[in-house]
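The values are calculated or read from the model by the stated rules, or taken from the named source; none is laboratory data. Bear in mind that the values here come from a model prediction, so they are computed numbers and not experimental data. All Cβ positions, even for glycine, are placed from backbone atoms using ideal geometry, and neighbour counts span all protein chains on display.
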Amino acid sequence: MELAEHVAETLDIGSGTRVFEVDCGRGDFLAPFHDNGYIVGGTDRDVGAITDAMASMPEGLFQVATAEALDPAVPWHVVICRTFSANPDPDYMRGVLARMFAKATHAIAVLDVPEERRQWMLHALAEIGASAIQFEAARSEPAREGFHAFARV
């Protein structure tokens, strides 16, 4: 809940904003947005997780899909990903980041990125044309060094 509120404040978004999450799981991170009048959606490869997300947020737009199949032709104001730490392949993640950026009309947020990827992230965001790039320390549980990256489209 706190992180969702922080993302909304950092990106200066409010009720009615379309927020999409890549690898959304059951949609737990999107629930506070949904409860506060945002339009939510996401993808995940886990059929059961997407079924749960659709049951808890029936107005949401969820689909079973992998991150690399993210369709940039369907725009959303904000696109979020919290799973960058799960994939060590920089080429794969650069592709996901580029598709997130192409899908977003306002901003992207990449949350809980391992500290060792800071320079890579800055370079990748610059390559795709992101502006107003902001990094900040992540306060994750369990505590580990990492950061959140925010960028305007």
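Observations
- Condition check for M54: of a type in the set (A, V, I, L, M, F, W, C) and either in contact with a Leu (Cβ under 7 Å, 6 or more places away or on another chain) or at pLDDT below 95 (or both): no
- Selected residue (only one of F33, F101 is aromatic (F, W, Y) and within 11 Å of the chain's Cα centre (by Cα)): F101
- Members of segment 28-45 that are farther than 21 Å from R152 by Cα and either among the charged types (D, E, K, R) or in a strand (DSSP E or B) (or both): D28, D35, T43, D44, R45
- When F84 is tested against (1) more than 14 Å from the chain's Cα centre (by Cα); (2) over 16 Å from D46 (Cα atoms), exactly one condition is not met: (1).
- Taken over segment 70-89, the criterion of being part of a helix (DSSP H, G or I) and touching a Lys or Arg at 6+ places or on another chain (Cβ under 9 Å) is satisfied by F84, S85.
- The single condition among (1) modelled with pLDDT of 95 or more; (2) part of a helix (DSSP H, G or I); (3) of a type in the set (F, W, Y) that Y92 does not meet is (1).
- Any hit, segment 38-53, residues being closer than 16 Å to A124 by Cβ and out of contact with any Cys (no Cβ under 6 Å at 6 or more places or on another chain): no
- Within segment 7-27, if we keep just the residues that are part of a loop (DSSP other than H, G, I, E, B) and β-branched (V, I, T), the residue that is surrounded by the most Cβ atoms within 10 Å (Cβ to Cβ) turns out to be T17.
- Identity of the residue in segment 98-153, small (G, A, S) and in a loop (DSSP other than H, G, I, E, B), that ends up surrounded by the fewest Cβ atoms within 10 Å (Cβ to Cβ): A143
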